[in-house]
1. Tell me yes or no: at least one residue of segment 241-251 is free of Cβ contacts under 8 Å to residues at least 40 places away in the same chain and among the basic types (Lys, Arg).
2. When Thr152 is evaluated against the numbered criteria (1) hydroxyl-bearing (Ser, Thr, Tyr); (2) farther than 20 Å from Leu87 by Cβ; (3) more than 13 Å from the chain's Cα centre (by Cα), which criterion, by number, is the only one it fails?
3. Taking into account only those residues within segment 73-90 that are in contact with a strand residue (DSSP E or B) (Cβ under 8 Å, 6 or more places away or on another chain) and buried (at least 20 other Cβ atoms within 10 Å of the Cβ), which is farthest from Leu185 (Cα to Cα)?
4. Is segment 45-60 home to any residue that is in a strand (DSSP E or B) and not charged (D, E, K, R)?
5. So, of the residues in segment 37-81 that are modelled with pLDDT under 95 and among the charged types (D, E, K, R), which turns out to be nearest to Val128 (Cα to Cα)?
6. Could you list, in sequence order, all residues of segment 39-72 that are free of Cβ contacts under 8 Å to residues at least 40 places away in the same chain and under 18 Å from Gly104 (Cα atoms)?
7. Consider segment 128-145. How many of its residues are modelled with pLDDT of 95 or more and either part of a loop (DSSP other than H, G, I, E, B) or closer than 27 Å to Gly278 by Cα (or both)?
Amino acid sequence: MTKQAVWTLAEQFDGELKAVSFELLARGRKLADKLGTGLVSVLLGDGVSDAALEWLIRQGADTVYSVQHPALKYFVCETYARTLESLIREYQPAIILAAATSTGRTLMPYTAIKLRTGLTADCTELDVEEGTGNLLQTRPAIGGNIMATIKTPDTRPQMATVRPKSARPLAADAARKGEIAHIPLPEIPAAKTRVTGYRRDEADALGIEAADVVVAGGRGLKKGENFGMLRELAERLHGAVGASRDAVDRGWISYPHQIGLSGKTISPKVYVGIGISGAIQHLAGIKTSETIVSINSDPDAALHQLADLSIVGDAFRVVPEIIKRLDARKGAQHG
């Protein structure tokens, strides 16, 4: 078993690995290579097949530690934290990364306290300090107005949660070889919590993080009622509606739609920004999008500079025209 390795936590639900598991491997691979150590993916759960675990190796892991037991089928913080703490004390990793999901944001602080070590939450960038091996953990601070880089020089392991969709998974390599180690559930006290069921909250239902197409609006829409045309466009494109912080602060749309350092990081196939100037905080939340489209009457809007396709024009004329042409194309296809 590799000590002083970089660990990433894989997430699963009903035996299926979540996409964020592979995003974290891309982050971890870079750090492990820089430190000259191994990369371990840690899976706590139940019912995940070896075939599924092999994909963790194909996409960056050197070793997979798999702890599977009916007690780990659903996320219960006490059980997961005690299991993870036991593994950490035995195998002594240097760095542990988890996703800034509801699981990671609950599990990692609980575990860090038990280990008396540091934790930086909601990181957007990670690196290793030359000469010390300290993890450089960069995250937005003061409402996203500055970026702070944090170190944990005196305690180990170094722990961080990372924003989902802030990195692309590595390409799968069928030739990569690695080890899958099945580790028994440690002897830990039974949890006092009992799972009775799950429900999806509003943010999950909106789905902007998982959507292939996101249509987002900003201050240029002038008032909340004008988000109606964005919803129409998103419906035609089978996408979700997002927003800039400015639009959310003005009360035009609710916070779960917010994109950027103080909102959500997204990585859709197509992002369409309408009436969004392109503040650095917003651009950081969309930079991994495959194709970026900007619609803004200001030719100097920062979003135009990042976009793959820029339309300089009045959104109140451009967007209805796009909807009209999409409807016409659909009608022709069914005619």
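1. Yes, there is a match, as at least one residue in segment 241-251 is free of Cβ contacts under 8 Å to residues at least 40 places away in the same chain and among the basic types (Lys, Arg).
2. Among (1) hydroxyl-bearing (Ser, Thr, Tyr); (2) farther than 20 Å from Leu87 by Cβ; (3) more than 13 Å from the chain's Cα centre (by Cα), Thr152 violates only (2).
3. Filtering first and then ranking leaves Ile88.
4. Checking segment 45-60: at least one residue is in a strand (DSSP E or B) and not charged (D, E, K, R).
5. Once the filter is applied, the top-ranked residue is Glu78.
6. Within segment 39-72, Ser41, Leu43, Gly45, Asp46 meet the criteria.
7. 4
Listed here are the residues, each with its yes/no results for (1) more than 30 Å from Lys18 (Cα to Cα); (2) in a helix (DSSP H, G or I); (3) touching a Gly at 6+ places or on another chain (Cβ under 8 Å); (4) of a type in the set (Val, Ile, Thr).
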| position | (1), (2), (3), (4) |
| --- | --- |
| Ala210 | no, no, no, no |
| Ala216 | no, no, yes, no |
| Phe227 | yes, yes, yes, no |
| Arg231 | no, yes, no, no |
| Gly251 | yes, no, yes, no |
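The values are calculated or read from the model by the stated rules, or taken from the named source; none is laboratory data. Keep in mind that this is a model prediction, so the values were computed, not measured. Reconstructed Cβ throughout: ideal geometry from the backbone, glycine too, with neighbour counts over all protein chains shown.
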